[in-house]
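Chemist: I have a structure I would like to understand better, so I am pasting it below and will then ask my questions one at a time.
The numbers here are math on the coordinates, done by the rules we state, and not lab data. No experiment lies behind these values; they were computed from the predicted model shown. Here Cβ is always computed from backbone atoms with ideal geometry, including for glycine, and neighbour counts include all displayed protein chains.
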Amino acid sequence: MVRRLLPDNESVLPLLSEERWRARGYDRALAQAAALGPDGVIEWVTAAHITGRGGAAFPTGKKWASVARTTDPIKYVVMNADESELGTFKDRVLLSGDPWGPLTGLAIAAYAVGARDAFLYVRGEYPEIEALLKDAFGWTRWAGPLADRLTFHLYRGGGAYIAGEETALINSIEGKRPEPRVKPPFPTQRGLWDHPTVIQNVETLANVALVLAHDPEWYRAVGTPSAPGTKLIAVSGHVRRPGVYEVPMGFPLWPVLMDPDYGGGIGGSGRLQAVLIGGAAGTWLTADECREARLDNESLRAYGASLGSGAMMVFDDTVNIWRILGQVARFFAHESCGQCVPCRIGTQRLVEQLTGDRQPDYQQLRELGEAMRDASICGLGQTAPQALLSYLDRPALWR
Amino acid sequence: MANGTHNPVESLIEDLPRTRASLLPALWRLVEHEGTLKRESLVALSELLGVPAAEVYGVASFYALFSHDVPSESPIRICTDVICHLYGADALYAQVRAVAGGLVHESPCLGRCDTPPAALVGRSVVAPASPEGIRRLSQESQLW
């Protein structure tokens, strides 16, 4: 088993100790960053091919380069710890096992783009993570200049899935309603208070810390050429051992369900029906597809799927998938900010169609889903029908 | 606000910068102190931060973790989303609701799908949650 992001051998050291920070190699990471200089750091992150782990898989080096390039003297960095996607809990597990990784990555990001203020946005339902991060801020006393030069601002979310969308998160910090902004301009051009802003998922920042603690070549030694490194997979539902597992990108899906080191086999009835991969806005994989699929975006494309945030919700053969789709539809209708029509109305129509007594019209549902996908402002409305559309594509799941 | 020093909202947010960026942290201070968002507190906040009252309400009402009624005890939020549903969340919700009534709310995914079903009692998490565990936490926890 590969263990890079999730620590094991150092776990006897106290979680927030300086010793543990050093044992994880993060002192080396900050020293390496300082030696490389801002441009050199961006070169390393680019060479490592790190892509965003929050779901969009955008190349991290490219994002940083575009912020570093701007002439605006004020820039910001943000750690997005507002994970609220259905079935997603990997950032909570990562932060509670290794808060130093993401925090070190955040300091490196700030140094690379020239930011003096670092924001951490933690979902309000994670009180223990917030407390942990607050205690960790004491590291500025001993972690050296890259940490010491920064001012950390911790924001607690108020309970809103949409606030995890990067432009909605910016509005939330600014004291506005967390409604997504129309992009472009992207946060890299006009983010917090209209200044260039780097926003990264927790897991992405932990990967940055690893690259600087080693080197791009070490980092690329696991995973696939197009997607190096590892991915945290949050496995839940009908498996014997729900939890977060770290696998190399491109790892086969099946052992993550079945192997005793991972999911440990199908729970419930013991017979797998399907997996919803990527969260509520994910894609259904039938049991047969689960036997062949690999966990990286390039291979998953063959199934019309993507890793998303790395959630895998597992369902046995007693579950009525149509009902799950109804619950997913309710989730999105509840969480839609109501700003744009395709999403506000579309999510409601989906709930009516999926939870009503009338026989659904599949063709009409498909047209509705495609309209939402094409015309919504942000990822919520665009991906809300994804699970339904993937179900319509798989008659094997119809019952 | 002639005599600002006696305004309880002002003392609650004393250390926060008087800017709009303090709105979300300030709302949390109110909720932690008063257990809910009172209309008069929102108006006071509007004056202190220089944000129109309608916009303060617009922000405050967006978030699911803020209650606008007057709970006498910590609100209980039980996750009834997809995974918790597989693990008996609906029955748990019905059982707790029968005892605690209006204090109990259904919640979207709480991010505890590894130990379902999950509940949030005030600011404390219980997962896996049982009626007994939730009752114990409600009794222990103060008003937020």
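Chemist: Looking at residue A:299, is it more than 14 Å from chain B (Cβ to nearest Cβ) and not in a helix (DSSP H, G or I)? Step through it out loud before you land on a result.
Modeler: Working: more than 14 Å from chain B (Cβ to nearest Cβ): yes; not in a helix (DSSP H, G or I): no.
Answer is no for this residue.
Chemist: Considering only residues that are buried (at least 19 other Cβ atoms within 10 Å of the Cβ) and among the polar types (S, T, N, Q), which ones fall in region A:371-399?
Modeler: Residues satisfying the conditions are A:376, A:383, A:386, A:390.
Chemist: Identify all residues within region A:300-323 that are polar (S, T, N, Q) and buried (at least 24 other Cβ atoms within 10 Å of the Cβ); write none if there are none. Reasoning before the result, please.
Modeler: Here is the first cut: in region A:300-323, the ones polar (S, T, N, Q) are A:306, A:309, A:318, A:320.
A:309 - this is the single residue of region A:300-323 that is polar (S, T, N, Q) and buried (at least 24 other Cβ atoms within 10 Å of the Cβ).
Chemist: Filter region A:177-196 down to residues that are over 17 Å from residue A:376 (Cα atoms) and hydrophobic (A, V, I, L, M, F, W, C), then give me how many there are. Write out each step before concluding.
Modeler: Start the filter on region A:177-196 by keeping residues that are over 17 Å from residue A:376 (Cα atoms), which leaves A:177, A:187-196.
This time we only want the ones that are hydrophobic (A, V, I, L, M, F, W, C), so: A:192-193.
So the count comes out to 2.
Chemist: If you check A:144, A:159, A:124, which single one turns out to be at positive phi and without any contact (Cβ under 8 Å) to a residue 60 or more places away in the chain? Break it down stepwise before answering.
Modeler: Working: A:144 fails: without any contact (Cβ under 8 Å) to a residue 60 or more places away in the chain; A:124 fails: at positive phi.
A:159 is the lone residue from the list that is at positive phi and without any contact (Cβ under 8 Å) to a residue 60 or more places away in the chain.
Chemist: Any residue in region A:207-222 that is assigned to a helix (DSSP H, G or I), aromatic (Phe, Trp, Tyr) and free of Cβ contacts under 8 Å to residues at least 40 places away in the same chain?
Modeler: Taking region A:207-222 first, the residues assigned to a helix (DSSP H, G or I) are A:207-213, A:216-220.
With aromatic (Phe, Trp, Tyr) added as a condition, the list becomes A:218-219.
After this cut, where a residue has to be free of Cβ contacts under 8 Å to residues at least 40 places away in the same chain as well, the list is A:218.
The answer is yes, given that some residue of region A:207-222 is assigned to a helix (DSSP H, G or I), aromatic (Phe, Trp, Tyr) and free of Cβ contacts under 8 Å to residues at least 40 places away in the same chain.
Chemist: Condition first: touching a residue at least 12 places away in the same chain (Cβ under 8 Å) and over 21 Å from residue A:163 (Cα atoms). Can you find one or more residues in region B:51-65 that meet it? Quick ask: steps written out before the conclusion?
Modeler: Filtering region B:51-65 down to residues touching a residue at least 12 places away in the same chain (Cβ under 8 Å) leaves B:51, B:56-57, B:59-60, B:63-65.
Narrowing the set further to residues that are over 21 Å from residue A:163 (Cα atoms) leaves none.
Checked against the condition, which is being touching a residue at least 12 places away in the same chain (Cβ under 8 Å) and over 21 Å from residue A:163 (Cα atoms), region B:51-65 yields no hits at all.
Chemist: Return the residues of region B:29-59 that are within 13 Å of another protein chain (Cβ to nearest Cβ) and charged (D, E, K, R); say none if nothing qualifies.
Modeler: B:29, B:32, B:55
Chemist: Turning to a different aspect of this structure: Confirm whether residue A:160 is within 14 Å of chain B (Cβ to nearest Cβ), touching a Pro at 6+ places or on another chain (Cβ under 6 Å) and under 30 Å from residue B:55 (Cα atoms).
Modeler: On the way: within 14 Å of chain B (Cβ to nearest Cβ): yes; touching a Pro at 6+ places or on another chain (Cβ under 6 Å): yes; under 30 Å from residue B:55 (Cα atoms): yes.
Yes.
Chemist: Please verify whether region A:292-299 includes one or more residues that are surrounded by fewer than 17 Cβ atoms within 10 Å (Cβ to Cβ), touching a residue at least 60 places away in the same chain (Cβ under 8 Å) and acidic (Asp, Glu).
Modeler: Looking through region A:292-299, at least one residue is surrounded by fewer than 17 Cβ atoms within 10 Å (Cβ to Cβ), touching a residue at least 60 places away in the same chain (Cβ under 8 Å) and acidic (Asp, Glu).
Chemist: Only one of (1) part of a strand (DSSP E or B); (2) within 13 Å of chain B (Cβ to nearest Cβ) fails for residue A:285. Which number is that?
Modeler: (2)
Chemist: Quick check on region A:41-57. Is at least one of its residues touching a Phe, Trp or Tyr at 6+ places or on another chain (Cβ under 7 Å), within 18 Å of residue A:228 (Cα to Cα) and hydroxyl-bearing (Ser, Thr, Tyr)?
Modeler: Of the residues in region A:41-57, the ones touching a Phe, Trp or Tyr at 6+ places or on another chain (Cβ under 7 Å) are A:41-42, A:45, A:48, A:51-52.
Then keep just the ones that are within 18 Å of residue A:228 (Cα to Cα); that gives A:41-42, A:45, A:48, A:51-52.
In the following step, the residues that additionally are hydroxyl-bearing (Ser, Thr, Tyr) were identified as A:51.
Checked region A:41-57: at least one residue is touching a Phe, Trp or Tyr at 6+ places or on another chain (Cβ under 7 Å), within 18 Å of residue A:228 (Cα to Cα) and hydroxyl-bearing (Ser, Thr, Tyr).
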